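The structure appears below as structure tokens.
The values are calculated or read from the model by the stated rules, or taken from the named source; none is laboratory data. Just so it is clear, the model here is predicted, and its values are computed rather than measured. Neighbour counts are summed over all protein chains in view; Cβ atoms, including those assigned to glycine, are modelled from backbone coordinates with ideal geometry. Note: areas computed on protein heavy atoms with side chains; ligands, DNA, RNA excluded. Shrake-Rupley method; radii C 1.70, N 1.55, O 1.52, S 1.80 Å.
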Amino acid sequence: MKRRVQLQEYYNLHLLNKKSEEPEFKPERNFSSNDKKFMDELIEFLNENIDNSELLVDDLVASFHISRSVFFKKLKVLTGLSPVEFIREIRIKRAAELIREDAYNMAQVAYMVGFSDPHYFSKCFKQVYNMTPTEYKSSAR
């Protein structure tokens, strides 16, 4: 049980952050290679399809060739998040990276990470970072 909690914390901290300033936690040492492979493939799939605002959980399930219920349970055990929450988390973290790059306006960032409504994007971003994307951009300078 403790290992599962550690794995959830790891993936929540490192969903997109390949370069972390924290000590590297290696899940492959403590967890099955199948779990690591599953998460790596899932994150890769989401990164490839991040701009698709019509991406559905069923698309993810189909790409892994497992049942919907098994997919939900596996992702919940590994990350502590439902598939919809996980997708949103990946998108918001990628949006934060794009905002730090300071090359796009907020509406462009929202569309680039798969949000079709910039207002909804701002709401979701604020839930994660406790500030609007514009405030985040100002604080990142």
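Listing for the model above:
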{"read-out": "Label of the coordinate-derived value, Kirkwood radius over Cα pairs in Å, listed as (i) 15.9; (ii) 17.0; (iii) 15.2", "value": "(i)"}
{"read-out": "Entries in K2/K36; K73/K126; K37/K126 that, when Cα-Cα distance is taken, lie over 22 Å", "value": "K73/K126; K37/K126"}
{"read-out": "Accessible area (Å², per residue) of segment 84-141, counting only protein heavy atoms and a probe of 1.4 Å", "value": "55"}
{"read-out": "For peptides 91-97, 69-75, sequence by mean Cβ density within 10 Å, most packed first", "value": "91-97, 69-75"}
{"read-out": "At R0 = 22 Å, FRET efficiency that the Cβ-Cβ distance of S139 and Y111 yields, to 0.05", "value": "0.45"}
{"read-out": "Farthest positive-ward along the chain dipole, Cα basis, beta-carbon charges - from Q127, Y10, L46", "value": "Y10"}
{"read-out": "Length released on extending from V128 to R3, taking residue separation times 0.36 nm less the Cα-Cα span", "value": "42.5 nm"}
{"read-out": "Heavy-atom accessible surface of the chain: percent carbon and sulfur, 1.4 Å", "value": "49"}
{"read-out": "K76-S33 pseudo-label distance in nm [points 7 Å out on the Cα-to-Cβ vector]", "value": "2.9"}
